[in-house]
Structures are given as C-alpha cells and as structure tokens.
1. Counting only protein heavy atoms, what percent of the accessible surface of the chain is carbon or sulfur at a 1.4 Å probe?
2. Under a Cβ-Cβ cut-off of 12 Å, what is the net charge of the residues other than F37 that fall near it, where Lys and Arg count +1 and Asp and Glu count -1?
3. Work out from phi, with θ = phi - 60° and the Karplus expression 6.51 cos²θ - 1.76 cosθ + 1.60, the ³J(HN,Hα) of each residue of segment 197-211, listed in order in whole Hz, and give x for Gly and Pro.
4. Identify all aspartates and glutamates with a Cα-Cα distance to K46 below 19 Å; exclude those on the same chain that are fewer than 8 residues away in sequence.
5. On full extension of the chain, what length is gained from F60 through S2, given 0.36 nm per residue of separation minus the C-alpha to C-alpha distance?
6. Note down the relative contact order for segment 104-147 as a percent, whole number, built from C-alpha pairs under 8 angstrom at least six residues apart.
7. With every atom except the alpha carbons ignored, what do you get for Rg and Dmax of segment 1-80, in angstroms?
8. So for T175, T14, what's the accessible-area order with a 1.4 Å probe, most first?
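The values are calculated or read from the model by the stated rules, or taken from the named source; none is laboratory data. Values in this document were obtained by computation on a predicted structure and should not be read as measured data. Here the Cβ positions follow ideal geometry from the backbone for every residue, glycine too, while neighbour counts run over all protein chains shown. Note: accessible area is taken over every heavy atom of the protein model, side chains too, but ligands, DNA and RNA are not part of it. Shrake-Rupley method; radii C 1.70, N 1.55, O 1.52, S 1.80 Å.
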Amino acid sequence: MSFHSLQNHWVQLTSRLNSVGQWLPALFIRLILFWEFYEAGVGKIKGDNWFAGIQSNFPFPFNYIPADISWFMAAWGEYIFAIMLLLGLFTRFAAVSLLVITAVATAAVHWPESYSSLGQLWEGYAISNKGAGNFKLPLLFMLLLLPLVFSGAGKFSLDHLLTHFFGGDAKHPITSDFIAKGLGLVVIGLPLFFVMQTIGVALLVGGLLLMVADRFITPNG
C-alpha cells in the first residue's frame, strides 16, 4: 500500500471521526456535568445553609453578598444550569455560569489558605483535604466546562435545533481574529480571577485590550 493510499485512508478515517465528534463528545460531557451539578444543586435545595460559616472565604464581590442569597444563587444555579446542560439549551451561557459558580466554590472551600510555591499549591490537587487544599475535582469540572463554552453543545442539543429553526447555519464559520483571541483570554481569566486574582485580572485586561485593538489592527475593522 502506497503512502498516498495510506494518507487517503487516514483522511477518510479522521473525517468520519470528526463527523461523530460533532455529536457524541459534547453530549457525554453534558451528561456527566448535568448529574454532578444537578446532584449538588438538589443537595443544597434540600439541605441546610452552611455558607454563613465560610462567608469570609468567598472572593470579591461574593464576600459582600449575604450568605442566604449566595446559598440561593448557588443551589438554584447548579440546579437550573445543570438542566440546561442536559437539554443543550443556551449551553454556552449555562457553562459560563457554572464555571463562575465552580470557581467561587473553589476559592471559598477547596483552595489552599496559603502557599509559597507552585509546587506547594499543586499539593492541593487532591480529592481529600489534608491542609493543602482539595481542588482536584472542581478543576476537572472547570476543564470539562471549557469545551462547552468554546465549542457549544454539539449537534445532539436543543441549541442545534434552534439554530436550524431560526434559519441559522449550523456550520458557523470559524473566525480567528483578535476578538476571538481576546474572548479566549476573558473566558480563561474569569474563573482564574477568583482563585489567582493577579493572573485572572491580567488575562481579563489582556483579553479586553485585544478585542478593542481588533478595531484598529484588523483591515476594514
């Protein structure tokens, strides 16, 4: 079999995998995240409010919000946005919202109180809390949410159906400009703002500057 023939087979294989990839991966991510956040939301709705005991741990601006309101927002946010993920409805909005909820929870509950180096910080990459934090699980959740923010819910979703219903093109063009790069920095900087404020602010400001600069850098911008 010649190299050209192998190349053609590889292109056909990856093309078919790409086709399946528009349906299944996002669905599987949505299903597992739905269950995790739905279960957490239901637990809070039916449980007692324990946020008052950690009010001082919440990052700005949530440390100024009364514990009862924070509890309500966290409980119903996890519950409603989880259902939206399951349905694939307004998925990007739901994913960003859960990204913020998870980042705030990480800062308030799972993040080490102090650390002197990145190596010491990484000791908190664990499920159990033994003095070094336990941010492994929420970090994994946030990493799973990012593909839904950047790539959407996939074709097995109400978002996909609504796109067709309203006459939109399901295959949106990929626009790689400074606005896109800026949006990427903003999405990543937003959760980082709550756990590593300096880095988060730098990414947020850098992202906003890129989006503004696009008007002056991009031809006919």
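1. 68
2. -1
3. So the Karplus estimates, Gly and Pro as x, are 4, 4, 5, x, 4, 4, 5, 5, 5, x, x, 5, 5, 5, 5 Hz.
4. Hits, sequence-local ones excluded: E36, D68, E78.
5. 14.7 nm
6. It comes to 33 percent, rounded to a whole number.
7. 23.0, 69
8. Descending order: T175, T14.
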